[in-house]
Amino acid sequence: MPLTQGRIVGYDNERLAFKFTMLNADQTINCQISDAAMDELVGTEGSLYTVRQAQFLAHRETIESLASDLFDAAGAVPGSVVCIFSKHILK
């Protein structure tokens, strides 16, 4: 079953990733997309962290679809984080 849209958490300077949540029925699933993956998706390189939310919003449907597919492939693991890396971005 596909995950549904959750909320935007924001940029994590420590992990160099943009965090968001998705919902599996009433369960919140923590998700993140790495800077490298976001740049690959957007077609840029070395974007500033200050533009990550705008990039996420512009590509939200694609990013959330990737997160849902990765979640389905891994199976439901309580407490796990769905991480999107550049290897997950298909060109």
If you work out Kirkwood radius over Cα pairs in Å from the coordinates, which of (i) 14.4; (ii) 13.1; (iii) 13.5 do you get? (ii)
Plugging the Cβ-Cβ distance of ASP26 and TYR49 into 1/(1 + (r/R0)^6) at R0 = 35 Å yields, to the nearest 0.05, a FRET efficiency of 0.65
Using the Cα centre of the chain as the reference point, and only Cβ charges (+1 on K/R, -1 on D/E), how large is the resulting charge dipole? Debye, rounded to the nearest 20. 80 debye
Within the set of other residues whose C-beta is less than 14 Å from the C-beta of LEU48, count the net charge using Lys and Arg as +1 and Asp and Glu as -1. -2
Whole Å is fine, so just give me how far the alpha carbon centre of the range 1-38 lies from that of the range 63-81. 10 Å
With all protein chains in place and a 1.4 Å probe, SER80 shows an accessible area in Å² (nearest 10) of 50 Å²
The chain: which GluC sites (Glu not before Pro) are DSSP loop and have at most 10 other beta-carbon atoms within 10 angstrom? GLU14, GLU45
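The values are calculated or read from the model by the stated rules, or taken from the named source; none is laboratory data. This structure is a prediction, so every number in the text was calculated from the model and none was measured. Note that we place each Cβ from the backbone using ideal geometry, even for glycine, and neighbour counts take in every protein chain shown. Keep in mind that these areas ignore ligands, DNA and RNA; they rest on the heavy atoms of the full protein, side chains included. Shrake-Rupley method; radii C 1.70, N 1.55, O 1.52, S 1.80 Å.
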